[in-house]
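Structure first, commentary second.
The values are calculated or read from the model by the stated rules, or taken from the named source; none is laboratory data. Owing to the predicted nature of the structure, the values given are computational and were not obtained by experimental measurement. Every residue, glycine among them, receives a Cβ derived from its backbone with ideal geometry; neighbour counts consider all protein chains shown.
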Amino acid sequence: MGEEVVFKGSRSGLKLVLTNTADFPTIENLIRKKLDSSFNFFQKGTIIQLEAEWTNKSQKQQLEKLFETYGLVLQNTSITKQVQRDAAANNKKIESTAEEKARTAKKTIINQTIRNGQEVISDGSVVINGNVNPGATIIAGGNIDVRGSCRGIVHAGAFGDITAVVMADHLIPMQIRIADMVARAPDKWMSKADAPYPEKAYINGGQIILEAINR
């Protein structure tokens, strides 16, 4: 699918980034395919911010209707930014902390392997009872716990929670992100022998640290 359609987490929430490298019908079809492959992993009512300045009003309305059919809310970044400014003006720091705690407490449990091309997106924590294969992506507002081999791309604390952790029985991902920090895998191919015991990744001292854990 290339990089024309990308879901990503940020401090302000989940974003849909669209690049102007294909015509609109193609972009719309790519979005539909992404939603079909990830549909079971979205919470109903999830708000997604649209980043696509090149789209016109009619195209934005088409995309909003498309997301409505999946029970999701697509929001314009211009509207979102105004909401953020109002929230900042009211200094709702306590509410923000409460939201982070609620997000961490919410948990999605998936009893299957996540394969190449599949995406799991949740505003809470995610537990995978299976493997995360190369080419698969997990985005979670809270923690990520893989009860198997983690070889894909994992992004915990996607909305800015620096206390989030990534855990796996064999932690050998292509990329780990926690909040705004990124750690990439070595260039060489990693096997289970390179991670023979369960580990967790977390932020400490301004960097992502790996540490052995007891299951």
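Total residues in the range 31-62 satisfying the condition of being surrounded by 14 or more Cβ atoms within 10 Å (Cβ to Cβ) and among the acidic types (Asp, Glu): the figure is 1.
Tally time: how many residues in the range 135-156 are in a loop (DSSP other than H, G, I, E, B) and free of Cβ contacts under 8 Å to residues at least 60 places away in the same chain? It would help to see each step written out before you state the result.
First, the residues of the range 135-156 that are in a loop (DSSP other than H, G, I, E, B): 135-136, 141-143, 151-152.
Checking the rest, the ones that are also free of Cβ contacts under 8 Å to residues at least 60 places away in the same chain come to 135-136, 142-143, 151-152.
So the answer is 6.
If I filter the range 7-15 for residues that are of a type in the set (A, V, I, L, M), in contact with a helix residue (DSSP H, G or I) (Cβ under 9 Å, 6 or more places away or on another chain) and either modelled with pLDDT under 90 or over 28 Å from residue 181 (Cβ atoms) (or both), do I get at least one hit? The answer is no, given that none of the residues of the range 7-15 is of a type in the set (A, V, I, L, M), in contact with a helix residue (DSSP H, G or I) (Cβ under 9 Å, 6 or more places away or on another chain) and either modelled with pLDDT under 90 or over 28 Å from residue 181 (Cβ atoms) (or both).
Listed conditions (1) at pLDDT 85 or above; (2) not in a loop (DSSP other than H, G, I, E, B) are all met by residue 36, apart from (1). The set of residues in the range 113-129 that are over 15 Å from residue 48 (Cα atoms), outside any loop (DSSP other than H, G, I, E, B) and among the polar types (S, T, N, Q) contains only 125. Exactly one residue out of 183, 168 is of a type outside the set (Lys, Arg), modelled with pLDDT under 95 and assigned to a strand (DSSP E or B), and it is 183. Residues in the range 34-68 that are among the charged types (D, E, K, R) and under 17 Å from the mean Cα position of the chain (by Cα): 34, 36, 44, 51.
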